[in-house]
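Novice: The structure follows.
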Amino acid sequence: MKLLNYIVLGCLILTFSVLIKAQNPTVLAEANNIKYTVNDLDPATREIFEGLNKNIATERTESLGEQIAQLLFKDEAEARKITIDKLLELEVPKRIPAPTAAQIQAVYDANRDAIGNKTLAEVRPQIVNFLQRDGYPKALSTFVGELKLKYKVVMGKDVNAPGLSSTDVLATVNAKPITVKDFEEKAGPNIYEIKAQTYDKTQDYLETIIFNEMVAAEAKSLNLSISDLIAREVTDKMKEFTEDEREKLNDGFEKKLTEKYGAKFYLKAPEPYVYKISVDDDPAQGKPDAPVTIVMFSDFQCPACSATHPVLKKVMEQYGDKIRFVVRDFPLTQIHQNSYKAAQAANAANAQGKFFEYIQILYKNQESLDTASLKRFAAQIGLNQQKFDADLDSGKYAVEVNKDIIEGESYGINSTPTIFINGVKARSLSAQTFKKLIDWALQNK
């Protein structure tokens, strides 16, 4: 698993005999009777590890501020009978200072090569938007401050105080309380992410230096060079030369060294944050009562979705009927112009019972997802063409797609693919991550 890191981290490798020990630091891991503590982490990893509590406190404070702001926006938007998006669109730009003519000219002059033959007048709106972008956070904060004067905000318990109960009130906005329970439900994902990133960074570093130490020790005991040892245990054993084969050989080699040198890791991964993910009535494979439900929010024009789908599918096959797989729509319309129509087309195919056959074609033809092509793909899998064309042309499934987008945004989704396994968000898109989460879900049923 860590073979490729050996050369990269070569300058950071610590031999078993020269590890620096503190007086009584917490032991994070051990191998070959050597204990690894915070003192053995590289400076960047140590800073993250030791700054965890401070980072969590900062996130909690900022999250409470955001929740207060959202309630203020909601009340003001309802008073004006407009949406929150429209409210911000109307009010925030007013509070951003207009750039001067000299500033606009300076940006224009500095980017003449990229701008080409366009005049200043032609590109002036884009330059103004560019210059005003940095002023948006301050203008937003100013608007929030004004709303706080209009709608009474009373602060309650300190959000970082120890021993808070779920019913404690952290703030009251226009007579509406924000309890600890309310706060935790919204702030939970971001706080978990901070904990998980800290764990991943620390664990990865420990695994890397310990594995490299074990490789060096093993090579020395056999009077081999490190490269010869790796060739003997991995490269020379390969027959198919696939990534799966290499991964299995790497894992086997690591397991062998772990057992021989007694490698143990004592860091505990944070308890995953479990989202309450609705499967709605979206396309699904597998038994409804399967112990594990995997929900993938996908954009059919997204290359990462196309690459991830077969990896996830291969992993799921290993678990048979223990998995139910659900696909929900999350077209990224700002960057993929055909994704919204493709999502509707997939729903139209689902109405005829061939959703998964249809999306396989979409994933393989992401450069050709115009309406004519979407209809042609329907013919390729034998759909009722007249019905499919009518459903697609009428926008019949736009409401369904929009519903998925809105719910996805409520889960904090802003990219695709986003995958949840029994409500736990996959933090990477590797087969190893999917397996770990599925195994965790089965163990915690």
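The values are calculated or read from the model by the stated rules, or taken from the named source; none is laboratory data. All values derive from a computational prediction rather than experimental measurement. When we count neighbours, we look across all protein chains shown, and the Cβ atoms used for this are built from the backbone with ideal geometry, even at glycine.
Novice: Which one of Leu140, Leu131 is more than 20 Å from Tyr151 (Cα to Cα) and either touching a residue at least 12 places away in the same chain (Cβ under 8 Å) or charged (D, E, K, R) (or both)?
Specialist: On the way: Leu140 fails: more than 20 Å from Tyr151 (Cα to Cα).
Answer to the check: Leu131.
Novice: Those residues that are out of contact with any strand residue (DSSP E or B) (no Cβ under 7 Å at 6 or more places or on another chain) and in a loop (DSSP other than H, G, I, E, B), I need them from segment 320-341; list them, please.
Specialist: The answer is Pro331, Leu332, Thr333, Gln334, Ile335, His336, Gln337, Asn338.
Novice: With respect to the numbered conditions (1) assigned to a loop (DSSP other than H, G, I, E, B); (2) modelled with pLDDT under 95; (3) loosely packed, with under 12 Cβ neighbours inside 10 Å, which one is the sole condition not fulfilled by Ala161?
Specialist: Of (1) assigned to a loop (DSSP other than H, G, I, E, B); (2) modelled with pLDDT under 95; (3) loosely packed, with under 12 Cβ neighbours inside 10 Å, only one is false for Ala161: (2).
Novice: Select from segment 60-95 the residues that are of a type in the set (Lys, Arg) and surrounded by 15 or more Cβ atoms within 10 Å (Cβ to Cβ) and list them in ascending order. First the steps, then the outcome.
Specialist: Initially, segment 60-95 is screened for residues of a type in the set (Lys, Arg), giving 60, 74, 80-81, 86, 94-95.
Arg60, Lys74, Arg95, listed by residue number.
Novice: Looking at Thr167, Thr198, Thr258, can you tell me which residue is on the phi < 0 side of the Ramachandran plot, part of a loop (DSSP other than H, G, I, E, B) and among the polar types (S, T, N, Q)?
Specialist: Numbers: Thr198 fails: part of a loop (DSSP other than H, G, I, E, B); Thr258 fails: part of a loop (DSSP other than H, G, I, E, B).
The unique qualifying residue is Thr167.
Novice: Among (1) among the acidic types (Asp, Glu); (2) farther than 27 Å from Ala345 by Cα; (3) crowded, with 17+ Cβ neighbours inside 10 Å, which single condition is Asp299 missing?
Specialist: It is condition (2) that Asp299 fails.
Novice: Out of (1) closer than 20 Å to Ser430 by Cα; (2) touching a residue at least 24 places away in the same chain (Cβ under 8 Å), what's the single condition that is false for Thr242?
Specialist: Unmet for Thr242, out of (1) closer than 20 Å to Ser430 by Cα; (2) touching a residue at least 24 places away in the same chain (Cβ under 8 Å): (2).
Novice: Looking only at segment 313-341, how many residues end up being under 12 Å from Gln285 (Cβ atoms) and either in contact with a Leu (Cβ under 7 Å, 6 or more places away or on another chain) or surrounded by 22 or more Cβ atoms within 10 Å (Cβ to Cβ) (or both)?
Specialist: Qualifying residue count, segment 313-341: 2.
Novice: Would you tally the residues in segment 342-360 being surrounded by fewer than 21 Cβ atoms within 10 Å (Cβ to Cβ) and either outside any loop (DSSP other than H, G, I, E, B) or hydrophobic (A, V, I, L, M, F, W, C) (or both)? If you could, list the steps in order and put the result at the bottom.
Specialist: Residues of segment 342-360 that are surrounded by fewer than 21 Cβ atoms within 10 Å (Cβ to Cβ), as a first pass: 350-357, 360.
Those still in the list that are either outside any loop (DSSP other than H, G, I, E, B) or hydrophobic (A, V, I, L, M, F, W, C) (or both) too: 350-351, 355-357, 360.
Number satisfying all stated conditions: 6.
Novice: Right, something else. For segment 87-141, give me each residue that is farther than 30 Å from Ile68 by Cβ and among the β-branched types (Val, Ile, Thr).
Specialist: Thr100, Ile104, Val107, Ile115, Thr119, Val123, Ile127, Val128
Novice: Related question: Somewhere in segment 325-343, is a residue among the basic types (Lys, Arg), within 21 Å of Ile413 (Cβ to Cβ) and more than 19 Å from the chain's Cα centre (by Cα)?
Specialist: Within segment 325-343, the first condition is being among the basic types (Lys, Arg), and the residues that meet it are 328, 341.
Then drop every residue that is not within 21 Å of Ile413 (Cβ to Cβ), which leaves 328, 341.
Narrowing the set further to residues that are more than 19 Å from the chain's Cα centre (by Cα) leaves 341.
Looking for residues that are among the basic types (Lys, Arg), within 21 Å of Ile413 (Cβ to Cβ) and more than 19 Å from the chain's Cα centre (by Cα), one finds at least one in segment 325-343, hence yes.
Novice: If a residue must be farther than 24 Å from Thr433 by Cβ and part of a helix (DSSP H, G or I), how many such residues does segment 216-250 contain?
Specialist: 17
Novice: When you scan segment 255-262, do you find a residue that is closer than 30 Å to Asn212 by Cβ, modelled with pLDDT under 95, hydroxyl-bearing (Ser, Thr, Tyr) and more than 24 Å from the chain's Cα centre (by Cα), even just one?
Specialist: Looking for residues that are closer than 30 Å to Asn212 by Cβ, modelled with pLDDT under 95, hydroxyl-bearing (Ser, Thr, Tyr) and more than 24 Å from the chain's Cα centre (by Cα), one finds none in segment 255-262, hence no.
Novice: Same structure again: Considering only segment 19-29, I want to know if a residue exists there that is out of contact with any Pro (no Cβ under 8 Å at 6 or more places or on another chain), assigned to a helix (DSSP H, G or I) and not polar (S, T, N, Q).
Specialist: Kept after step one, since they are out of contact with any Pro (no Cβ under 8 Å at 6 or more places or on another chain), are these residues of segment 19-29: 19-29.
Going one step further and asking which of them are assigned to a helix (DSSP H, G or I), we end up with none.
Among the residues of segment 19-29, not one is out of contact with any Pro (no Cβ under 8 Å at 6 or more places or on another chain), assigned to a helix (DSSP H, G or I) and not polar (S, T, N, Q), which makes the answer no.
Novice: Shifting gears a bit: Scan (1) under 28 Å from Arg46 (Cβ atoms); (2) over 28 Å from the mean Cα position of the chain (by Cα) for the single condition Asp200 breaks and write down its number.
Specialist: All conditions pass for Asp200, except number (2).
Novice: Any residue in segment 401-427 that's within 16 Å of Glu185 (Cβ to Cβ): show its pairings with residues that are part of a strand (DSSP E or B) and of a type in the set (S, T, N, Q) at Cβ separation under 7 Å, as long as the two are six or more apart or on different chains.
Specialist: Lys425/Thr418
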